[in-house]
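Asker: Have a look at the structure that comes next, please.
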Amino acid sequence: GPMPLITTRRLRSAVFAAMLALVAGMIPGSVSAGAPAPPGECATIMDTADIEEGMTGWGWTVVRGDRPRHFRVEVLGILPDGIAPGRDLIIIEVSDVPGSNFIDKAGGIWAGMSGSPVYIDDKLIGAVAYGFTLAPSPVGGVTPAEDMVDVLDYGSASSSDATRQSARIRVPAHMRGELAARAGVSEAQAQEFSRLPLPLAVSGLSTRGLQRFQERMDDMGIPVIVTRGSTAPAPTGGPFGTPVPGGNFAGVIAYGNITVSGIGTTTYVCGGQALAFGHPLTFSGRTAFGANDADALRIVRDSTFGSFKMATIDELFGTVEQDRLAAIRAVLGSAPSLIPVMSHVEDFATGNTRNGQSGVTTDEFVPLVSFSHTVENIDTTIDQIGKSDEVDARVCVRRDRGAGAG
């Protein structure tokens, strides 16, 4: 009858599973030996409801170059509605695995780790996206993967993510003592988490220009650390790179002389789309920023800002189409269209002339890039501090969006 057949099948599968487990145990570097395999595409998502205090897993991020490295993660608790109504925050502690010390060297979580994927039992629980406001620390916050993957379903036309959120999250009084002790900070410093600032790499600006850019971003309420960056040419179409979970991700606001890009980490890649950061870039909703790879130079430990990643911009991935509370979403393999901004400065006293050219991805940043462009060109061309009576400066913004800044 059918009974023995079922039993035999079950027995076979049990024996097969046991053999697999035995083989896995023999392979050096297998999961059971303690070294996880690098994450792949289309990871299984763990429900936030299944995540419990005390669970441990791995996070992935890039310290130098473009190769993701892993670190240890322990879940300390869940803050219900921590990020916003209906949006929980997973509180974690990060630490180095044997043989590496990059967490320890940086004093914990750094700016640029935003989007670093965290896995428990090979399931994605979310992305590192928050840290203590007043001190660098190994204790931080993870945006749940469940909320991030919702952004994949947003239509390209519009969507409803009207939840506004402060970039700061209060820590309940009863949790402060334990978190402060774990993080090695005072209870006063453990009062709130804030969105990890993105290192905003800006090229073509003097120190004064970078300070002006920082002030403007502060005014806009966008948490960034403005750093000196490299120029990146306007994309002209392919070839396109493919982001990898735990790899670098740059959301590019402008290309050319004034290249502006927020540096973070890729969380999830599947079906020609990628999610990154675990928080917004500028929180502009539907958008059209560039999505590029980046090459990490080093992690800078800074006593003012905390530690942050310095990186240069690399090949194009595609276009960031959604800039939301839980994640930014890129469509891979399509170049962003750009608004060309050109400036021409001539100093009649010295005969110096200079032409500047950038391509801006969204309307909201045209004024800031145009202004920065022109001021820097004037400073470089007249080659002096103070005014020159013999300078001619013009800026031209072409409203017909082209594929490149031509």
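Asker: For the stretch 51-147, what Kirkwood radius comes out of the mean inverse Cα-Cα distance, in Å? Working shown, then result.
Answerer: On the way: mean 1/r = 0.0749 Å⁻¹.
It works out to 13.3 Å.
Asker: Rounded to whole Å, give me the distance from the Cα center of the stretch 290-344 to that of the stretch 203-273.
Answerer: Centre-to-centre distance over Cα atoms comes out at 3 Å.
Asker: Over the Cα atoms of the stretch 151-283, how large are the radius of gyration and the largest Cα-Cα distance (Dmax), in Å?
Answerer: So, for the stretch 151-283, Rg and Dmax equal 18.0, 54 Å respectively.
Asker: In whole Hz and in residue order, list the ³J(HN,Hα) couplings for the stretch 213-227 that follow from phi through the Karplus curve 6.51 cos²θ - 1.76 cosθ + 1.60, θ = phi - 60°; x for Gly and Pro.
Answerer: Here the 3J(HN,Hα) series is 5, 4, 4, 5, 5, 4, 4, 7, x, 9, x, 9, 10, 6, 10 Hz.
Asker: For the stretch 281-325, what is the accessible area per residue in Å², given a 1.4 Å probe and the full set of protein chains?
Answerer: On the way: 1630 Å² over 45 residues.
Roughly 36 Å² per residue, with all protein chains present.
Asker: Suppose R0 equals 56 Å. What FRET efficiency, 1/(1 + (r/R0)^6) with r the Cβ-Cβ distance, do Arg398 and Ala35 give to the nearest 0.05? Could the numbers behind the result be given before it?
Answerer: Working: r = 52 Å, r/R0 = 0.93.
Once rounded, the FRET efficiency stands at 0.60.
Asker: For the stretch 256-334, what size does the Cα cloud have along each of its three principal axes, sorted from largest down, in whole Å?
Answerer: The Cα atoms of the stretch 256-334 stretch 39, 26, 24 Å along the principal axes, largest first.
Asker: Return one whole number: the accessible area per residue of the stretch 101-248 in Å², for a 1.4 Å probe. Could you put the intermediate results ahead of the total?
Answerer: Values: 6030 Å² over 148 residues.
Solvent-accessible surface per residue comes out at 41 Å².
Asker: Continuing with the same structure: With label points built 7 Å along Cα→Cβ from the Cα atoms of Ala49 and Lys105, find their separation and express it in nm.
Answerer: 4.3 nm
Asker: Share of the stretch 184-238's accessible area from carbon and sulfur, percent, 1.4 Å? Spell out each step's value before the answer.
Answerer: Numbers: 1120 of 2380 Å².
Ligands and nucleic acids excluded, carbon and sulfur give 47 percent.
Asker: Then there's this: Take the solvent-accessible surface of the protein heavy atoms, probe 1.4 Å, and return the percent of it on the stretch 30-120 that carbon and sulfur atoms account for. Present the calculation step by step, with values, prior to reporting the outcome.
Answerer: Working: 1820 of 3810 Å².
With neighbouring chains kept in place, the figure for the stretch 30-120 is 48 percent.
The values are calculated or read from the model by the stated rules, or taken from the named source; none is laboratory data. Source: prediction; values computed, not measured. Please note: Cβ atoms are built from the backbone with ideal geometry, for glycine as well, and neighbour counts cover all protein chains shown. These area figures cover heavy atoms from the full protein model, side chains too; ligands, DNA and RNA do not enter into them. Shrake-Rupley method; radii C 1.70, N 1.55, O 1.52, S 1.80 Å.
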